[in-house]
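What follows is a short report on a single structure.
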Amino acid sequence: MARVIVVGAGVVGLTCAVRLLEDGHRVDVLARDLPLETTSAVAAALWYPYRAYPFERVTAWSAAGYHRFADLARDEGTGVVMRPGTEVHRSRTPDPWWAPAVPGLTRLTDPPVPYADGWTFTAPVVEMPVYLRWLVHEVEQGGGTLTRMALQSLPLGADAVVNASGLGARLMATDPSLLPVRGQVVYVDQVGLDRWWLDAAGPVYVVPRSHDIVVGGTDDEGEWDRTPDPDVAKQILERAVALVPELGRARVRGHRVGLRPARPQVRLEAEDVGGTRVVHCYGHGGAGGTLSWGCADEVAALVRA
Ligand SMILES: Cc1cc2nc3c(=O)[nH]c(=O)nc-3n(C[C@H](O)[C@H](O)[C@H](O)COP(=O)(O)OP(=O)(O)OC[C@H]3O[C@@H](n4cnc5c(N)ncnc54)[C@H](O)[C@@H]3O)c2cc1C
């Protein structure tokens with residue numbers, strides 16, 4: 001059993017904490033922003049490997065996440081639901097690179113106008129505010145702690161430190177390759193939608209949750225502005241209504257912006273810093289929820305090594 005400090009209380013840090021507690025470690029989570037204040041709380045969050053690399057590792061992590069979320073969907077109170085949905089394309093498109101990670105991906109024989117191609121599959125939808133609370137509960141039930149603390153650098157001295165600081169790793173790991181990819185979403189009333197929809201070209205996505213629907217989105221690389229833009233919100237809604245006409249009667253509930261922590265590749269590796277084993281786990285781009293369990297398994301193996 002080791003004493004492990006996890007830096008970061010987004011979906012990546014909390015999942016690592018839960019996974020490490022499962023292995024019997026003592027775990028303390030330190031974070032500047034508490035779970036509902038993080039980028040993770042803004043995620044839609046559809047299981048979907050988006051803007052995360054390299055393809056081979058992301059496919060394996062996504063597959064692990066799919067199975068763990070499918071299990072969690074069977075439990076009360078996790079905020080995870082398995083929902084069927086459709087991805088559409090305006091031209092003929094080969095199977096997605098991550099197809100091996102998802103069971104039951106079926107190509108459309110008759111795509112809706114004006115689309116030329118697409119596929120359907122059942123994906124985990126993770127209602128982040130509910131799920132993040134559930135993860136915190138799991139950390140506490142497992143004997144771990146969560147403390148708000150803004151750090152200037154990684155805290156050394158524990159047996160291992162997990163750096164799950166998302167965009168904060170620009171400072172924590174002096175990593176300028178990490179960039180924000182701004183995503184704006186609009187929340188609308190739930191109007192009886194039970195399928196998700198995605199037009200990856202937009203990106204346009206419509207993700208139904210229990211009491212509302214998350215409508216997106218944007219992906220502006222290098223943009224740090226976290227204030228929702230009303231003109232952008234209007235465009236998001238117009239594109240979404242074109243894809244899912246039922247949304248035309250949905251009342252707008254709110255707006256939010258999150259900054260995806262994007263990197264040429266997810267950084268998941270261990271290094272020795274002043275005698276402390278540091279396991280870096282950040283740079284999950286648009287797929288932090290999707291990759292969280294697969295990455296947490298690998299983090300746990302690196303802590304054990
Ligand atoms: C609009 C939008 C839609 C998205 N949709 C999806 C989706 O459908 N599916 C999906 O899988 N993903 C989605 N994502 C991506 C997902 O949100 C991110 O990949 C994920 O949140 C990254 O999680 P994280 O835990 O690494 O980072 P974060 O959630 O940003 O958490 C980082 C943590 O590190 C802490 N930290 C940082 N610096 C310091 C410091 N100096 N001291 C102490 N603590 C620090 C922060 O306070 C925070 O607690 C979406 C993102 C956006 C913006």
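The values are calculated or read from the model by the stated rules, or taken from the named source; none is laboratory data. Note that the coordinates shown come from a computational prediction; the quantities given were computed from them, not determined experimentally. Heads up, the Cβs are rebuilt from the backbone with ideal geometry, glycines too, and the neighbour counts pull from every protein chain shown.
List of remarks:
- Residue that is surrounded by the fewest Cβ atoms within 10 Å (Cβ to Cβ) [pool: residues in region 61-100 that are in contact with a Gly (Cβ under 7 Å, 6 or more places away or on another chain) and farther than 13 Å from residue 287 by Cβ]: 89
- Residue match in region 97-114 (condition: of a type in the set (A, V, I, L, M, F, W, C) and at pLDDT below 95): yes
- Against the conditions (1) within 21 Å of residue 85 (Cα to Cα); (2) touching a Cys at 6+ places or on another chain (Cβ under 9 Å); (3) not polar (S, T, N, Q), residue 192 satisfies every one except (2).
- Every condition in (1) in contact with a Ser or Thr (Cβ under 8 Å, 6 or more places away or on another chain); (2) under 30 Å from residue 113 (Cα atoms) is met by residue 247 except one, and the failing one is (1).
- Residue that is nearest to the ligand (Cβ to nearest atom), among those in region 32-59 that are more than 19 Å from residue 126 (Cβ to Cβ) and not hydroxyl-bearing (Ser, Thr, Tyr): 32
- Checking 148, 182, 170 one by one, the residue that is without any contact (Cβ under 8 Å) to a residue 24 or more places away in the chain, in contact with a Leu (Cβ under 7 Å, 6 or more places away or on another chain) and within 16 Å of the ligand (Cβ to nearest atom) is 170 and no other.
- Residue check for residue 135: of a type outside the set (Asp, Glu), within 11 Å of the ligand (Cβ to nearest atom) and modelled with pLDDT of 95 or more: yes
- Scope region 103-131; condition within 16 Å of the ligand (Cβ to nearest atom) and not in a strand (DSSP E or B); matching residues: 127, 128, 129, 130, 131
- Residue selected from region 11-28 under the condition within 15 Å of residue 134 (Cα to Cα) and of a type in the set (A, V, I, L, M, F, W, C), by the criterion farthest from the ligand (Cβ to nearest atom): 21
- Options 9, 44; residue that is buried (at least 24 other Cβ atoms within 10 Å of the Cβ) and out of contact with any Ser or Thr (no Cβ under 7 Å at 6 or more places or on another chain): 44
- Filtered by the rule that a residue be closer than 20 Å to residue 17 by Cα, near the ligand (Cβ under 8 Å from one of its atoms) and in a strand (DSSP E or B), region 253-295 gives 261, 281, 282.
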